[in-house]
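Here the structure is laid out as structure tokens; the discussion comes afterwards.
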Amino acid sequence: MKIMKFGGTSVGSASRMKEVAKLITNGDKNIVVLSAMSGTTNTLEEISDYLYKKNPEGANEIINQLEAQYRKHIEELLSTPEFKQRGMELIKSHFDYIRSFTKDLFTLFEEKVVLAQGELISTAMMNFYLQEQGVKSVLLPALEFMRTDKNADPDPVYIKDKLHNQLELHDEATLFVTQGYICRNAYGEIDNLQRGGSDYTASLIGAAVNAEEIQIWTDIDGMHNNDPRIVDKTKPVRHLQFEEAAELAYFGAKILHPTCIQPAKYANIPVRLLNTMDPNAAGTLVSNESEEGVIKAVAAKEDITAIKIKSSRMLLAHGFLRKVFEIFESYQTSIDMICTSEVGVSVTIDNNKHLNEILNDLKKYGTVTVDHDMCIICVVGDLRWENVGFEAKALDSMKNIPVRMISFGGSNYNISFLIRKSDKARALQQLSDGLFNGIK
Ligand code: ADP
Ligand code: ASP
Ligand code: MG
């Protein structure tokens with residue numbers, strides 16, 4: 001059994017849905033995970049924003065526009081009067097439900113319910129289309145098996161158990177379709193796996209059914225060696241090790257949700273990144289296999305804050321680092337990069353929610369300085385310390401860019417640079433030129 005996940009652009013129109021239908025009806029009994037149609041989750045967030053601001057008219061206007069778009073999609077997607085009617089009823093019931101939130105108190109709880117509608121609609125639409133085509137597809141309700149625990153982490157035992165129960169109910173099915181992104185939390189409330197979380201759904205399901213492969217279908221032919229939205233002449237990387245893919249995803253390669261590698265790696269299930277617009281392209285295979293001596297790709301993560309703490313006692317007395325880390329831990333703020341010297345330590349964070357409290361506490365132990373609007377550039381590949389000259393190559397490409405921190409040796413897979421956000425595009429292009437395109 002394979003898991004095939006299609007993102008928002010892959011199901012972004014009726015014609016795209018029909019293309020996806022061709023790809024998933026290949027005779028195998030697979031589980032298909034779908035995102036909401038592209039733009040829908042953003043629009044549902046916008047509706048929620050109006051409702052938080054107690055502006056039901058504003059919300060209603062957008063709800064009506066979105067509903068009209070969906071009615072058009074149904075018109076184009078389904079052809080028989082019976083399915084068209086069922087499709088229109090589906091749209092009406094979801095939009096009436098969304099509209100019901102304009103009349104009441106709106107909290108985080110209601111917002112999560114509104115956000116869940118995108119995936120509930122797209123999967124039901126695909127299921128209608130497949131059934132209209134005579135495919136014995138079954139809609140698996142993610143809200144019946146996808147669940148997080150009290151720490152908001154997925155609960156793999158529950159997921160496996162409940163998913164198997166669902167699968168066993170449908171012996172006759174030739175294909176399963178389910179929602180990405182949405183889940184219930186430990187209290188049984190509707191919740192989600194964060195924006196972009198459908199990739200995570202796919203890998204959690206893959207691990208739960210011990211799938212042969214997890215396929216992430218999107219609008220590009222695999223993981224590129226640099227961010228194609230910023231850099232010219234990027235190329236797909238054919239193969240990545242799980243750790244390399246996880247580093248790239250965490251450090252900004254949007255094609256993969258950062259959390260989605262871990263369940264696949266743990267269960268040793270290969271992840272294949274494929275292009276819905278070009279299904280025959282090779283894409284990228286992510287697996288346990290490593291490739292020696294190759295720098296694979298570069299990614300960048302923005303909105304980073306760097307904090308330097310210079311120990312008042314000049315030398316790094318033992319216990320100093322522990323105190324520093326405890327402060328970050330007490331505010332549930334994780335650290336991305338660390339550099340130490342004999343007199344101080346610099347760390348980076350990507351979450352400024354408790355920055356002021358953290359800075360106040362740190363000032364008890366030393367002199368504190370902060371750099372805002374920074375960016376981590378992460379170079380990923382076989383970066384074991386025994387390899388000679390790899391760090392030098394990366395550094396050489398960065399030679400005219402002010403670098404605030406460098407981190408190397410934390411793993412065998414990366415070297416990271418902290419630079420100003422305003423230097424990001426230039427740094428990414430220069431790294432591509434130097435590392436991949438042979439341009440000096
Ligand atoms: P989906 O909606 O299918 O989940 P996403 O928009 O989340 O798709 O991810 C695909 C996008 O990721 C691509 O269109 C591309 O612009 C962007 N992207 C950023 N970095 C990379 C990279 N290194 N390789 C490939 N795509 C990348
Ligand atoms: N629909 C959700 C989002 O737009 C989840 C996803 O697409 O992965 O974030
Ligand atoms: Mg995505």
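Some observations on this one:
- Residues that are touching a strand residue (DSSP E or B) at 6+ places or on another chain (Cβ under 9 Å), more than 16 Å from ligand 3 (Cβ to nearest atom) and either at pLDDT below 95 or not in a helix (DSSP H, G or I) (or both) within the range 256-280 comprise 268, 269, 270, 279, listed in sequence order.
- Yes/no for residue 288 being within 10 Å of ligand 1 (Cβ to nearest atom) and over 22 Å from residue 179 (Cβ atoms): no
- Flag for residue 76 being in a helix (DSSP H, G or I), within 15 Å of ligand 2 (Cβ to nearest atom) and either among the hydroxyl-bearing types (Ser, Thr, Tyr) or surrounded by fewer than 17 Cβ atoms within 10 Å (Cβ to Cβ) (or both): no
- Residue, nearest to the chain's Cα centre (by Cα), within the range 356-400, restricted to residues that are in a strand (DSSP E or B) and surrounded by fewer than 21 Cβ atoms within 10 Å (Cβ to Cβ): 373
- When the range 207-234 is filtered for residues that are away from ligand 3 (no atom under 16 Å from the Cβ) and buried (at least 24 other Cβ atoms within 10 Å of the Cβ), the ones remaining, listed by number, are 208, 225, 226.
- The listed residues are 84, 112, and the only one of them that is touching a residue at least 60 places away in the same chain (Cβ under 8 Å) and surrounded by fewer than 19 Cβ atoms within 10 Å (Cβ to Cβ) turns out to be 112.
- The set of residues in the range 207-261 being under 23 Å from residue 37 (Cβ atoms), more than 13 Å from the chain's Cα centre (by Cα) and among the basic types (Lys, Arg) consists of 229 alone.
- Residue within the range 100-118 that is modelled with pLDDT of 95 or more, farther than 27 Å from residue 163 by Cβ and either within 16 Å of ligand 2 (Cβ to nearest atom) or among the basic types (Lys, Arg) (or both) present: no
- The residue that is nearest to residue 263 (Cα to Cα), among those in the range 185-212 that are in contact (Cβ under 8 Å) with a residue 12 or more places away in the chain, of a type in the set (Gly, Ala, Ser) and more than 14 Å from ligand 2 (Cβ to nearest atom), is 207.
- Test: residue in the range 333-347 that is under 23 Å from residue 229 (Cα atoms), under 30 Å from the mean Cα position of the chain (by Cα) and not in a loop (DSSP other than H, G, I, E, B): no
- Any hit, the range 175-196, residues being part of a strand (DSSP E or B), over 19 Å from residue 90 (Cα atoms) and within 16 Å of ligand 1 (Cβ to nearest atom): yes
- Being within 16 Å of ligand 1 (Cβ to nearest atom) and at negative phi is a condition met by no residue of the range 51-67.
- Cross-chain or 6+ apart pairs with Cβ under 9 Å, the range 300-312 first and over 27 Å from residue 431 (Cα atoms), then in a strand (DSSP E or B) and of a type outside the set (Val, Ile, Thr): 309/344; 309/346; 309/366; 310/344; 310/366; 311/344; 311/366; 312/366
- Restricting the range 31-43 to residues that are more than 29 Å from residue 173 (Cβ to Cβ) and touching a residue at least 12 places away in the same chain (Cβ under 8 Å) leaves a set whose member that is nearest to ligand 1 (Cβ to nearest atom) is 39.
- Of note, residue 59 satisfies the criterion of being more than 15 Å from ligand 2 (Cβ to nearest atom) and modelled with pLDDT of 95 or more.
- Single residue of 297, 253, 249, 245 found to be assigned to a strand (DSSP E or B), closer than 21 Å to residue 417 by Cβ and of a type in the set (A, V, I, L, M, F, W, C): 297
- Residue 343 surrounded by fewer than 19 Cβ atoms within 10 Å (Cβ to Cβ), among the β-branched types (Val, Ile, Thr) and out of contact with any strand residue (DSSP E or B) (no Cβ under 7 Å at 6 or more places or on another chain): no
The values are calculated or read from the model by the stated rules, or taken from the named source; none is laboratory data. Since the model is a prediction, treat every value here as computed from it, not as a measurement. FYI the Cβ positions are ideal-geometry reconstructions off the backbone, even for glycines, and counts take in every protein chain you see.
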